[in-house]
Amino acid sequence: MSPGGDGYGTVSVGLGGYATLSGSSADGNALSQSVPLSGAGDWAVYVPLYGGGGSVWGWLQFDNNYPAAKVDGSLSWIKPARPGAVRYPAGFTNDVPAGGSRYTAPANAAIPVINLTSGVVFFDGGNLSTPFTNLITLITSNRVVNGSANSLKLNLTTSDGTFSGSVNVPGTTRTNTFKGALLQDLNSGYGYFLGTNQSGRVFFGAP
C-alpha cells in the first residue's frame, strides 16, 4: 500500500545558486536539503529517510527563461519494509510526479494569498470511512472562516505559502491535523493528514 496525500516543501534559491528545501513527505517525515543548482537550472534532489534505509531522490528542473519559474519532474520515493512501523510497514517503491510554482507573499493584509473567496477544504483517504468537505471563506488578513457544522481550523503562513490546521471528522470524536502548501499558479493548496495507520489527502481551493 502506498501513502495517500501530497508531500510538500518550500524551496528558496539564493544568489549563489543554492536550492534550500524544507518540508515533509506525505507520511510525515521531514524533508530537508541544500544543494547547488546546475547552470541549466537542474536540481539534484536527494533526501535520506527512514534511518538511511530509504530516500526521496530524482531530478527537478527550474525554467531559467521564465521569471515566475515552475519546478517540474519526478521523484523516486523508497521506504524499506519496517515490521512494527505504525504506517506502511511493508514499505514501498514509488515514482511520483513533482511540481511547484513560484510563491509571492502578499504585500499587505488586504491582498489574498490565492484568488479565492468561497472555497472548500476536502479530505480523502487516511482511514476515513468516506471523504468529506468543509465549506470555507477566505476573508481579510488571509483568515479562513469555517462554514460547516464540524469544526475546522486552517492557518495560512503568508511569508512562505504553507498552511496547517485541524479538523473534526464528521460523525466521530476524532480530530485530524493536516498541513500543506499553496501553489499560486494553480490557485489552490495541497497537503496531507495522518490517520491511524494511513495518510490522506487535503485539498484547499475552489469547489
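Only the coordinates and a few stated rules stand behind these numbers; no lab work does. If you're wondering where the values come from, they're calculated on a predicted model, not measured in any experiment. We place every Cβ from the backbone using ideal geometry, glycine too, and count neighbours over all the protein chains shown.
Of note:
- Among the residues of this structure, Gly161 counts as one that is on the phi > 0 side of the Ramachandran plot, of a type outside the set (Asp, Glu) and crowded, with 21+ Cβ neighbours inside 10 Å.
- Strands (runs of 3 or more DSSP E) contained entirely in segment 112-185, each with at least 2 residues that are under 18 Å from the mean Cα position of the chain (by Cα) and polar (S, T, N, Q): 152-157, 162-168, 175-183
- Residue within segment 75-84 that is surrounded by 11 or more Cβ atoms within 10 Å (Cβ to Cβ) and aromatic (Phe, Trp, Tyr) present: yes
- Note on segment 14-36: among residues that are aliphatic (A, V, I, L, M) and crowded, with 19+ Cβ neighbours inside 10 Å, the one that is farthest from the chain's Cα centre (by Cα) is Ala19.
- Only one of the listed residues (Gly91, Gly41, Gly54) is closer than 22 Å to Leu183 by Cβ, without any contact (Cβ under 8 Å) to a residue 60 or more places away in the chain and more than 16 Å from the chain's Cα centre (by Cα). That residue is Gly41.
- Residue within segment 172-186 that is among the β-branched types (Val, Ile, Thr), more than 24 Å from Thr10 (Cα to Cα) and surrounded by 15 or more Cβ atoms within 10 Å (Cβ to Cβ) present: no
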